[in-house]
Amino acid sequence: MRSDTPARLLVGGVSLGAHVAADWASRPGRAEYLAGLLLALPAWTGASGDAPAALTARATAHQIRTAGLDATLTALRASTPRWLADELSRSWAAHGDGLAVALDEAARTPAPADDVLRGLAVPAGVVAGVDDPVHPAAVARHWATLLPRARLVQTRLDAVGADPATLG
């Protein structure tokens, strides 16, 4: 069955993935395909500057270059909730030798600016981690105030670890 109505997508991401989703949605012609956005734990708005997630990405890239991935993952496991260390271990291992470069690139890449977020008139869910020092809840709150049709949901990292659906 063919329809003249385009498929509608729910687009989302966590952390820098939230930046990518919002940027994708802001491109010309995308609104007609978009049912909404789910933006969990955005890390900054506009230039990264000294945002905690950018500083963490840069420091992690440096540690990978100097100590290696295995030592970096061991240190991560000592300082991060188990579920998050498991997720990052899987993700980072998939990057292989390009991980440090990817982390540096992520730390340099601007997030959508205020005017871009104001222009996203689709329904949006924004998730703030009230106890996440790397993704400050203030950033998620800021995004939620800028997005014209946003609803803010606040959660804790242990709740996400117990049930990842908390982000959705």
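The values are calculated or read from the model by the stated rules, or taken from the named source; none is laboratory data. Just so we're clear, the structure is a prediction, and the values are computed from it rather than from any experiment. Methodologically, a virtual Cβ is constructed for each residue, glycine included, from the backbone with ideal geometry; neighbour enumeration extends over all protein chains shown.
A few notes on this one:
- In this entry, residue 66 is excluded by the filter for residues that are assigned to a helix (DSSP H, G or I) and under 26 Å from residue 141 (Cα atoms).
- Condition broken by residue 40, with the remaining ones in (1) outside the structural domain of residue 158 (by TED's automatic domain parsing); (2) under 14 Å from the mean Cα position of the chain (by Cα) satisfied: (1)
- Residues that are hydroxyl-bearing (Ser, Thr, Tyr), surrounded by fewer than 17 Cβ atoms within 10 Å (Cβ to Cβ) and farther than 25 Å from residue 157 by Cα do not occur anywhere in the range 39-56.
- Meets criteria (surrounded by 14 or more Cβ atoms within 10 Å (Cβ to Cβ) and of a type in the set (S, T, N, Q)) for residue 66: no
- Tally of residues being within 25 Å of residue 82 (Cα to Cα) and either among the charged types (D, E, K, R) or at pLDDT below 95 (or both) across the range 140-154: 0
For every residue, the table says whether it meets (1) hydrophobic (A, V, I, L, M, F, W, C); (2) without any contact (Cβ under 8 Å) to a residue 24 or more places away in the chain; (3) touching a His at 6+ places or on another chain (Cβ under 9 Å).
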{"residue": "71", "(1), (2), (3)": "yes, yes, no"}
{"residue": "97", "(1), (2), (3)": "no, yes, no"}
{"residue": "134", "(1), (2), (3)": "yes, no, no"}
{"residue": "137", "(1), (2), (3)": "yes, yes, no"}
{"residue": "158", "(1), (2), (3)": "no, no, no"}
{"residue": "167", "(1), (2), (3)": "yes, no, no"}
